[in-house]
Amino acid sequence: MNHFPHQLVMKIPIPVFVRQLDFQQLKVVFRQYNPETRSTGTVVVTDIKGNAKHITNVPAEIKKLPYTLLSAKGLLTAKVPFGARFKFDLAHYRSGQFTVDVYMDTLNKEIVNPMAEPLGRFTVKSGQMQHGTTHLEGDNFHLGGTMQVRYTDLHLIPLKSDSARGELKKNHLKSFFANIIFIKNENRMGNELRQPTFTVGRDHHQNFVGYIWTAILTGLCKTIGVPVMSVVKDK
């Protein structure tokens, strides 16, 4: 299903009104296959708890409050605190308008590489992200926003496909030039953090979670200096 959550609620053929829905001990597993690397990246969030407020398709209730609010916290890869706050626009559900704020705590290469290698075609040799936040606004067709990531001592190694073995191997020549010319080893501009703006278009085959992941990956690439087109394939 490629519909967004509030669009699914609006399609229910009977009146729905839930003032608040609490949930806990949920698990979300997102897998994405990259045909170029012939491998699959997996993102797992566990111990999810939170609530959704004002879930409705009743016109009178939407007129009073035209939003569904969803807040959730969990653990990324069972270790890293992760949180998200969604605001779904019920008055403009046909266009799919929504906003989301995402927060992640400390990430190191052991956590990042299982996702970065198959999907981003790079591996982290060293470096640590202390924390990161992202604000996104979008609809059925485009999603964009800003990202703020604090990290230090970053060193990346681009990967290339080994056509003979069907595996990824290190591209040391590209690694040398990338880390000298492109990669920003830490996120500092004086006393401020770089906060790049970015926008992605949505592939009509892409589900809601994949849409958000693509935007986050694009923002991360712009922050650290990885050419976006080398990581996020243009659809």
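FYI, it's all coordinate maths here, none of it is from the lab. A quick note: this is a predicted structure, and the numbers were derived from the prediction, not measured. Cβ placement follows ideal geometry from the backbone for every residue including glycine, while neighbour counts extend to all protein chains displayed.
Of all GluC sites (Glu not before Pro) in the range 34-122, which ones are in loop regions per DSSP and have a Cβ with at most 14 other Cβ atoms within 10 Å?
Of the GluC sites (Glu not before Pro), the ones in loops of the range 34-122 whose Cβ has at most 14 other Cβ atoms within 10 Å are Glu36.
Out of the chymotrypsin sites (Phe, Trp or Tyr not before Pro) in the range 119-151, which ones are loop residues according to DSSP with at most 13 other C-beta atoms within 10 Å?
Answer in residue order: Phe141.
For the pair Phe141 and Thr42, how long in nm is the line joining their label points, each one 7 Å along Cα→Cβ?
It works out to 3.7 nm between the two label points.
So how do Phe82, Phe23, Phe30 line up by other beta-carbon neighbours within 10 Å, fewest first?
Phe23, Phe30, Phe82
Pull up all non-local amide H partners of Ser39: gap of 5 or more, or a different chain, and H-to-H distance under 5 Å with H placed in the peptide plane.
Answer set, sorted by chain and number: Asn34.
Rank the residues Leu107, Leu69 as a footprinting-exposure proxy: fewest other Cβ atoms within 10 Å of their Cβ go first.
Leu69, Leu107
Just name one of Thr68, Phe30, Thr42: the one whose Cα is farthest towards the positive end of the charge dipole of the range 29-70 (beta-carbon charges, Lys/Arg +1, Asp/Glu -1).
Thr68
Per-residue counts of other Cβ atoms within 10 Å, averaged by peptide: what ranking do you get for 204-211, 10-17, highest first?
204-211, 10-17
Stretched out fully, how many nm does the piece from Asn2 to Leu65 gain, at 0.36 nm a residue minus the Cα gap?
Between Asn2 and Leu65, full extension yields 20.2 nm more.
Taking the Cα atoms of the range 18-65 alone, what are Rg (to one decimal) and Dmax (as a whole number) in Å?
Cα-based Rg and Dmax for the range 18-65 come out at 17.6, 50 Å.
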